[in-house]
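Written below as structure tokens is the structure these notes are about.
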Amino acid sequence: MDQMKEKVFIGNVADFQLKDAANDQLKSFRRSLNELNKFVELSDLQDILENGSKNISKRFEEHLWQLNADIKYFPDRERHKQSIPILIEYFNKQVENVKRNYDSLPEYLPKEKLLSYEYDDFQRITCKWNHQLLDQAIQEQCELFAQTDREIEVFNCVKDLIDAANKLKTVAGIPFKVTDVIADSVRAVSYNTNTIYEIFKHLKQ
């Protein structure tokens, strides 16, 4: 069984893919906030992020029925009455979309510290994020460690390969890529005869 050991730091992997993905997901979350019905207020947001439409849907329905009762003319009141189920369904979709986008944000992001909420110039709910915290979280995520027996064995093999490649360059006296020396196949890795032939030719010069 692959045992967990003390972590061995290897290095940092490229962060641009994580950055792009995190920014895209944050922007999707912000767009879904902007699209919320104006019935939703900032004070409702925490409940929505935790429970979706479960609680606020009932309040919205009560709000629609109150609007309906306030409509003076019977034909207008009937038209509004018939639209209530559709309005509730659309409202619930908007709210659930906000919760889904929030839940889909990467787990490594410190969402409670990272995000702040406010009204924009059009009185829509929007959010901002702390770019310094975002970069820090991504950098931590990009740190690569070897920790299990197999990971450490792989890392040691890679280091041995690098040491051997550097020694071979010194002995051969010419620069080349390690991939020029190695012939890979499904069964095993072997040497590339043509590259060795070129090295031998150089040694005879």
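The values are calculated or read from the model by the stated rules, or taken from the named source; none is laboratory data. If you're wondering where the values come from, they're calculated on a predicted model, not measured in any experiment. Neighbour counts run over all protein chains shown; Cβ positions are idealised from the backbone, glycine included.
The table below gives the values:
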{"read-out": "Cβ pairs under 9 Å, 6+ apart, first in region 46-67 and over 18 Å from GLN82 (Cβ atoms), second crowded, with 16+ Cβ neighbours inside 10 Å and aromatic (Phe, Trp, Tyr)", "value": "ILE48/TYR102; LEU49/TYR102; SER53/PHE60; SER53/PHE91; ILE56/PHE91; SER57/PHE91"}
{"read-out": "Residue ID - modelled with the lowest pLDDT, chosen from residues in region 183-205 that are farther than 13 Å from LEU168 by Cβ and of a type in the set (Val, Ile, Thr)", "value": "VAL186"}
{"read-out": "Unique match (being among the acidic types (Asp, Glu) and touching a helix residue (DSSP H, G or I) at 6+ places or on another chain (Cβ under 9 Å)) among GLU151, GLU140, GLU118, GLU107", "value": "GLU118"}
{"read-out": "Failed item, numbered, when THR148 is tested on (1) among the β-branched types (Val, Ile, Thr); (2) loosely packed, with under 11 Cβ neighbours inside 10 Å; (3) in contact with an Asp or Glu (Cβ under 6 Å, 6 or more places away or on another chain)", "value": "(2)"}
{"read-out": "Sole exception among (1) under 22 Å from GLU118 (Cβ atoms); (2) of a type in the set (Lys, Arg); (3) modelled with pLDDT of 95 or more; (4) exposed (fewer than 13 other Cβ atoms within 10 Å of the Cβ) for LYS58, by number", "value": "(1)"}
{"read-out": "Any hit, region 113-121, residues being in the same structural domain as LEU64 (by TED's automatic domain parsing) and surrounded by 15 or more Cβ atoms within 10 Å (Cβ to Cβ)", "value": "yes"}
{"read-out": "Among (1) within 14 Å of PHE91 (Cα to Cα); (2) of a type outside the set (Lys, Arg); (3) over 28 Å from the mean Cα position of the chain (by Cα), the one test that ASP70 misses", "value": "(1)"}
{"read-out": "Boolean, SER104 is within 30 Å of ASN37 (Cα to Cα), loosely packed, with under 12 Cβ neighbours inside 10 Å, in contact (Cβ under 8 Å) with a residue 40 or more places away in the chain and within 28 Å of the chain's Cα centre (by Cα)", "value": "yes"}
{"read-out": "Selection status of PHE39, over 19 Å from LEU115 (Cβ atoms), more than 27 Å from the chain's Cα centre (by Cα), hydrophobic (A, V, I, L, M, F, W, C) and not in a helix (DSSP H, G or I)", "value": "yes"}
{"read-out": "Selection within region 22-46 - surrounded by fewer than 14 Cβ atoms within 10 Å (Cβ to Cβ) and more than 17 Å from ARG124 (Cβ to Cβ)", "value": "ASP24, GLN46"}
{"read-out": "Qualifying positions in region 147-192 - aliphatic (A, V, I, L, M) and touching a residue at least 60 places away in the same chain (Cβ under 8 Å)", "value": "ILE152"}
{"read-out": "Within region 122-134, tally of residues that are free of Cβ contacts under 8 Å to residues at least 60 places away in the same chain and under 12 Å from ALA22 (Cβ atoms)", "value": "2"}
{"read-out": "Which listed residue, of PHE9, PHE16, is closer than 21 Å to CYS142 by Cβ, touching a Phe, Trp or Tyr at 6+ places or on another chain (Cβ under 8 Å), at pLDDT below 95 and loosely packed, with under 13 Cβ neighbours inside 10 Å", "value": "PHE9"}
